[in-house]
Every structure is written in structure tokens, then in C-alpha cells.
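The values are calculated or read from the model by the stated rules, or taken from the named source; none is laboratory data. Please read all numbers here as calculations on a predicted model, not as lab measurements. Cβ atoms come from the backbone with ideal geometry, glycine included; neighbour counts cover every protein chain shown. Only protein heavy atoms, including side chains, enter the accessible area calculation; ligands, DNA and RNA are left aside. Shrake-Rupley method; radii C 1.70, N 1.55, O 1.52, S 1.80 Å.
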Amino acid sequence: MSLWDWALTAYAAEGVADACLELQDAAGQNVPLLLWAAWCAAEGRAPDEDALEAAGDTARAWQETAIAPLRAVRKALKPRAPDLDDADREAVRAQVKAVELDAERRLLAALEALAPAPSRPARPPIDTLVAAARVWSPMTPRAGLVRLADRLPA
């Protein structure tokens, strides 16, 4: 299954979106990178240190160049503003959200291209999630990663 299709299925599972958003907002983690790591485990792919580093670099480039700026614009458009028509503001916000989602889809495609071929049976995702989180940040939000791993579909 492609990473994008897997990510859509996983994100729709009960509790996964909340766990991802908590890791993103409270721990500063990159959700597409974490989903890639979990997909690798589910697909029997074993990214080595070089693959993890390349994935982190790719995620960081997309995050800093496209995703974070788009997210900032989308969040800025969320509250009502006295001089903006609500319907127009929401229409623009929806367009920005769609572009942000497209950037995340393209990031996932780039990450999928970096994944090694399947080489073993599927495994629980926690070890790969921790490895990806460590590539992203010096702080490892283990409790949040365990919560995400527990909610991901088997």
C-alpha cells in the first residue's frame, strides 16, 4: 500500500489524529515523518541511520519551506476579523488548507521514495517512531509516541 493511502487510513483510525496533533503541537514533531516511520514498520521496511537522516532532512526542508508557512497563514485566517467578510475569509482559509494538505502529500511521496524495500515481517511501530522522533528533535516524546503507536491500525 502506498504511504499516502496508508496515512489516510491510519489518520482516520480512532485517536490517531488527536495523538498526531498532540505530538505536533505539544512536542514539535513532524507528523508526516512519524507516519512514514510507522508505515515503514507496518510494511516490513527497516530504515537505517542514513535513510532516517535523509527522511528527516527532507521533512525539515518541506516543513520550513512550505508546510509551516502555509499552516501559519491558515491559523491566522481562523479567527473572525472585524474588517473581513467571514465567508470570504473561510473560503481563502479552505484554499490554504488544501494547499497545505497537498504539500504534506508531496512530502509523503518524497519520504516514500526514501524508504528501503520491505525486508522483514511487519513490526510494532514504536522503535521506528522513536528513531524518527530523535532525528527530528533532541527531545523524544516517548509517551506521545506510545499513544500514537497504540492507536495505529495493525
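In whole percent, how big is the carbon plus sulfur part of the accessible area of segment 114-154, probe 1.4 Å, protein atoms only?
Details: 1420 of 2450 Å².
Summing carbon and sulfur atoms, their accessible area is 58 percent of the total for segment 114-154.
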- request: Once you have the Cα-Cα distance between Asp57 and Met139, take 0.36 nm times their residue separation minus that, and quote the gain in nm to one decimal.
  value: 27.8 nm
message: Per residue of segment 121-128, what does 6.51 cos²θ - 1.76 cosθ + 1.60 with θ = phi - 60° give for ³J(HN,Hα)? Whole Hz please, x for Gly and Pro, Karplus curve as stated.
response: x, 4, 10, x, x, 4, 5, 6
- prompt: Of the heavy-atom accessible surface of segment 1-70 (probe 1.4 angstrom), what whole percent is carbon and sulfur?
  reply: 52
Ratio Rg/Rh [Cα only; Rh per Kirkwood] for segment 111-154: 0.99
statement: All alpha-carbon distances of segment 15-108, grouped into 5 Å bins from 0, give the whole-percent distribution 2, 12, 18, 21, 18, 12, 8, 4, 3, 1, 0
query: Just going by the charge dipole of the chain, with Lys and Arg at +1 and Asp and Glu at -1 on Cβ, which of Ala94, Ala72, Leu148 is farthest out on the positive end?
result: Leu148
- request: Quickly estimate the mean residue ellipticity at 222 nm for the chain, helices only: each DSSP H run with n ≥ 4 gives -39500 (n - 2.57), and the total goes over all residues, rounded to 500.
  value: -21500 deg cm²/dmol
- prompt: Can you give the angle from 0 to 90° between the axis of helix 31-42 and the longest principal axis of the chain, with both taken from C-alpha atoms, to the nearest 10?
  reply: 30
- prompt: Applying the Karplus parametrisation 6.51 cos²θ - 1.76 cosθ + 1.60 with θ = phi - 60° to the phi angles of segment 6-18, what ³J(HN,Hα) value in whole Hz is obtained for each residue in order, glycine and proline being reported as x?
  reply: 4, 4, 4, 5, 4, 5, 7, 5, 4, x, 5, 4, 4
message: Suppose accessible area is computed on protein heavy atoms with a 1.4 Å probe; arrange Thr9, Thr140, Thr65, Thr128 from highest to lowest.
response: Thr65, Thr9, Thr140, Thr128
message: Using amide H atoms built in the peptide plane, which far-off residues or other-chain residues are under 5 Å from Arg45 H to H?
response: Ser119
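So if I place +1 on the C-beta of Lys and Arg and -1 on the C-beta of Asp and Glu, and nothing else carries charge, what would the dipole magnitude of segment 71-154 be about its Cα centre? I want it in debye, nearest 20.
Details: 16 positive and 11 negative charges, 82 e Å.
For this selection, approximately 400 debye.
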field: Anisotropy class of segment 36-82 from Cα gyration tensor, a/c 1.5 cut
entry: oblate
field: Assigned charges on the beta-carbon of Lys, Arg, Asp, Glu; the chain dipole about Cα centre (debye)
entry: 180
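One-quarter of the Cα convex hull surface for segment 55-154, in nm²?
Working: hull surface 34.1 nm².
Taking the Cα atoms of segment 55-154, their convex hull projects to 8.5 nm² on average.
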task: Give me the angle, in degrees from 0 to 90, between the Cα long axis of helix 86-114 and the longest principal axis of the Cα atoms of the chain, rounded to the nearest 10.
output: 20
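Under a 1.4 Å probe, what is the accessible area of the chain per residue, stated in Å²?
Numbers: 8390 Å² over 154 residues.
Per-residue accessible area for the chain comes out at 54 Å².
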field: Cβ-Cβ FRET estimate between Ala72 and Asp50, R0 fixed at 35 Å, reported to 0.05
entry: 0.65
